[in-house]
Amino acid sequence: MSNASLDGTLHGRFLRGLARAPHRPAFRIDGHETTYAEAHEQALAWAGALRDATPGGAPRVVAVVATKSAEAYTGLLAALYLGATAVPLHPGFPAARNRAILTAAGAEAAVADASGLAALDALLAEDDPLPVLAPGARSARRPGLITEAPAHTALDAPLPAAPEDAAYILFTSGSTGRPKGVPTSHRATDSYFRTLDARYDFGPDDVFSQTFDLTFDCAVFDLFCAWGAGGCVVPLPMRAYRALPEFLASERMTVWFSTPGAIALARRTGALAPGSLPGLRWSLFAGEPLHRHDAEEWQQAAPGSAVENLYGPTELTITVSAHRLAPATPDERYVGGVVPIGPVHTSLGHLLLAPDGSVDGDEGELCITGPQMFTGYLDPAEDTGRFLDHDGRRWYRTGDRVRRYPDGDIAYLGRADDQVQVQGWRVELSEVGHGVRGLDGVEDAVAVAVPAAGSHELVAFYTGRPAHSADLARQLAAGLPKAMVPRLFHHLEEFPMNANRKIDRSSLRSLAGTLLDHGRKPSRQGEGL
């Protein structure tokens, strides 16, 4: 089978890198390199072993239960080489959640690293026949366990997939309810990466960071931007953040991609001195609002790097817009101190839905249509309220409020559900957070709302220099209405993060509720619990 028959598939991008740089590393983990040729042969062998072990032939859905490991990357390729749908699961997530995902996705086989195998042992019955490939596992602890991939069962070549077939299924974080399955098709990824190929100049000499776990769609950006160009992916261990400039230099890293939360982490370790990250060519951020002062400080640390803020929900295939940091950007576009997110990719259509249902203005909820849009959640009942039918087309409602400027650039105003009622006032939590962030000694801040007696009470969590709550409240009251001044200010050494290095707002809301329920106020120095 020629590689041409796989054009337009996600695994076709790896084959493009294979043809371009067969003996260069596809990924490097703790100094150990795996070349494109080695990863390709191993993925063919693993895919064949899974096909041989699955009743009825090749599995249609393969779970990849692994961290950022060689097994994770090769397992993802093996699933795609089967023409199957890959479903990443994080071994550290609760067993009940992972069990629900396996069931909802209809997984017929799995690939696991050591931590993933331990997680599967905790969530599967001992006699569960699910074929699990765990190369190198010391013992066959379950009937479907495969510890090696025999050469005689290996695929001769990767299998094709149809454009509308799902390349992978990711599940939303579940912070606002039960996780929802989001299938992403080969058609959608092909359109997305064609857009990126035209925007970026990635090549075989580029080394990409991987700060994201496979359960976060931005990990797909890292892997398949690198692999489509013949570049190398290097996952970051947590220890790397303690000496980030040295780690990036030793790995010859040229492309950085993370959530904005990584900037604060780098700052605390002293990694953001001017010129400290000279090897970066591209610095990309997504997943959360990127604050201007963070972006500008990173830019000073990486002066040879283009810094971009990327935006997009999982339902629209990773990202749909990008704004490049530039001195010429007018100050008023940094609404709430947040870097703009636009313009939207030219391959997509967008409109702004106003509260009255009109779509002719330049402010409202961002709605997107086009080839990157998914067709719906695994459970069709979850589609309710997420789509807009307009002008003969179906649009995905992002839930994000934005403002559009005449040149197409877009400013981020906040989530539609970021707006809460406090004593009759409409309060934007992002605006409160921005206000707290500007107070003396505050490095970063997040405001959360806790329901109380038909209204809400606000709690602000902040990092930086501990201060008296009364002093912070007095400063904030000079610029915000009384209803927008949080009842409590609580200092933290650092914000809790979820597995994808996003600020864990659900954890902060829980802590806020505890503080309010127990009537506990911060100490005189604002220390955390």
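Since every read-out is calculated from the coordinates, none of them should be taken as a lab result. None of these values were measured; they are calculated from a predicted model. Please note: Cβ atoms are built from the backbone with ideal geometry, for glycine as well, and neighbour counts cover all protein chains shown.
In table form, for the structure just shown:
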{"read-out": "Selection from Pro237, Gly376, Phe202, by position along the positive dipole direction of the chain (Cβ)", "value": "Pro237"}
{"read-out": "Cα-based shape type of the stretch 32-116, given that a ≥ b ≥ c are square roots of the gyration tensor eigenvalues and the cut on a/c is 1.5", "value": "oblate"}
{"read-out": "Extended-chain gain in nm, criterion 0.36 nm per residue less alpha-carbon gap, Glu41 and Thr269", "value": "78.0 nm"}
{"read-out": "Structure-based [θ]222 nm, the chain - -39500 (n - 2.57) summed over DSSP H runs of at least 4, per residue, nearest 500", "value": "-8500 deg cm²/dmol"}
{"read-out": "Assigned charges on the beta-carbon of Lys, Arg, Asp, Glu; the chain dipole about Cα centre (debye)", "value": "780"}
{"read-out": "Proxy reagent accessibility, fewest Cβ within 10 Å first, across Ser506, Ser305", "value": "Ser506, Ser305"}
{"read-out": "Least to most buried among Asp391, Asp190, Asp52 (fewest other Cβ within 10 Å first)", "value": "Asp391, Asp52, Asp190"}
{"read-out": "Calculated FRET efficiency for the pair Val359/Ala452, C-beta based, R₀ 41 Å, to 0.05", "value": "0.70"}
{"read-out": "Computed Rg/Rh of the stretch 144-252, alpha carbon atoms with Kirkwood Rh", "value": "1.03"}
{"read-out": "Charge tally in the Cβ shell below 10 Å around Tyr200, where Lys, Arg are +1 and Asp, Glu are -1, Tyr200 excluded", "value": "-2"}
{"read-out": "Equivalent ellipsoid, the chain (semi-axes from 5 times Cα gyration tensor eigenvalues, Å)", "value": "39, 25, 25"}
{"read-out": "For the stretch 77-165, fraction of C-alpha pairs farther apart than 19 Å, in %", "value": "42"}
{"read-out": "On Cα atoms only, tilt of 95-105 relative to the major axis of the chain in degrees", "value": "60"}
{"read-out": "Spatially near lysine pairs across the chain, Cα under 27 Å, sequence gap of 8 or more or different chains", "value": "5"}
{"read-out": "Two-site FRET efficiency, Asp7 against Tyr405, from Cβ-Cβ distance with R₀ of 41 Å, rounded to 0.05", "value": "0.65"}
{"read-out": "Spacing of the two label points (7 Å from each Cα toward its C-beta) at Asp156 and Asp391, in nm", "value": "4.9"}
{"read-out": "Extension gain from Thr103 to Ala381, taking 0.36 nm per residue of separation minus the Cα-Cα distance", "value": "98.4 nm"}
{"read-out": "Cα pair count fraction exceeding 19 Å, expressed as % - the stretch 373-466", "value": "61"}
{"read-out": "Inter-site label distance for Ala470 and Glu164 at 7 Å from Cα along Cβ, in nm", "value": "6.7"}
{"read-out": "Descending principal axes extents, the stretch 423-517, alpha-carbon based, whole Å", "value": "36, 32, 22"}
{"read-out": "Loop-exposed GluC sites (Glu not before Pro) per DSSP, neighbour cap 16 Cβ within 10 angstrom, longest uninterrupted part of the chain", "value": "165-492"}
{"read-out": "Inter-label distance, nm, simple model (7 Å from Cα along the C-beta direction), Ala478/Arg138", "value": "6.3"}
{"read-out": "Paired Rg and Dmax values of the stretch 3-188, which use every Cα atom, in angstrom", "value": "15.7, 47"}
{"read-out": "Amide N proximity, the stretch 132-162 versus His32 label position 7 Å along Cα-to-Cβ, cut-off under 17 Å", "value": "134-139, 147-149"}
{"read-out": "Amide H contacts under 5 Å for Glu443, placed H, 5+ residues apart", "value": "Thr463, Gly464, Arg465"}
{"read-out": "Kirkwood Rh, angstrom, the stretch 313-398 [1 / mean 1/r, Cα pairs]", "value": "14.4"}
{"read-out": "Estimated Rh, the stretch 237-393: Kirkwood, alpha-carbon pairs, angstrom", "value": "17.6"}
{"read-out": "Estimated dipole of the stretch 201-270 in Debye, rounded to 20 [Cβ of Lys and Arg +1, of Asp and Glu -1, Cα centre]", "value": "420"}
